[in-house]
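Here's the structure, in C-alpha cells; my notes come after.
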Amino acid sequence: MTVAEYNDSVDKYSDNLYRFVLKNIRDEDKAKDIVQDTYLKFWEKKDNVTLSKIKSYLFTTAYHTLIDVVRREKKQGSFNDVKEENYSTKTEYSDLQEVLHEAIEQLPEAQKAVILLRDYEGYPYDEIAKITGMTESKVKVYIFRGRKFLKNYLGSVEALI
C-alpha cells in the first residue's frame, strides 16, 4: 500500500469512524484518540491489508480499540465522574435526539455497537459480524433485542412529541 492509498483511506473513512466511535462513547476527545490509534495500527499493518478490505479492517480495529478503552475505564471509575443529573428526573421533554441517545446508552455494549453499525452506519449483517467478531445470527439476535428494548423504552414517538 502506498502513502497515497493510505491518505485516500483517511479521507474516505475517518469521518465515519469518528461518528461510529463518538456514538458509542460520547466523548469527543476519546473518540479522536481512538480514531487516531486505529489509523496508527492500520499504518503498522498496511502491507497486510488489501485495498478491498480497508473499510472493514478500520471499523474492526476501531471497534476493538473502543472495547479496550471502555474496559479500561470501567476498572478506573472515579467518584468525581458521577453526574448528579443522572440520578435525578426531569419532568419536561427537552429534545427527541437527546431521548434517543439516552435510550441507546441503556443498551448493553454489544447491542449498542451492532445497532449503531446497522442503523446509523448502514452496514449489512455479514460486515457487522466481521467487524465485531460475532456470528451473523448473533448479530441479528442482538439487533432484534436492541430494537425491541428501544421500542419498549421509548414507547411511541407520538407520546414523546
Pair list, Cβ under 7 Å, 6 or more apart: region 50-70 residue hydroxyl-bearing (S, T, Y), other residue not in a helix (DSSP H, G or I): Y57/V49
Filter result (within 14 Å of the chain's Cα centre (by Cα), in contact (Cβ under 8 Å) with a residue 12 or more places away in the chain and not in a helix (DSSP H, G or I)) within region 1-48: R26
For region 131-147, which positions are modelled with pLDDT of 90 or more, in a helix (DSSP H, G or I) and surrounded by fewer than 18 Cβ atoms within 10 Å (Cβ to Cβ)? E136, S137, K138, K140, V141, F144, R145
Considering K30, K55, K41, K74, which residue is under 16 Å from E105 (Cα atoms) and surrounded by fewer than 19 Cβ atoms within 10 Å (Cβ to Cβ)? K74
When you look at A113, is it under 30 Å from M1 (Cβ atoms), more than 12 Å from the chain's Cα centre (by Cα) and modelled with pLDDT of 85 or more, yes or no? no
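The values are calculated or read from the model by the stated rules, or taken from the named source; none is laboratory data. All values derive from a computational prediction rather than experimental measurement. FYI the Cβ positions are ideal-geometry reconstructions off the backbone, even for glycines, and counts take in every protein chain you see.
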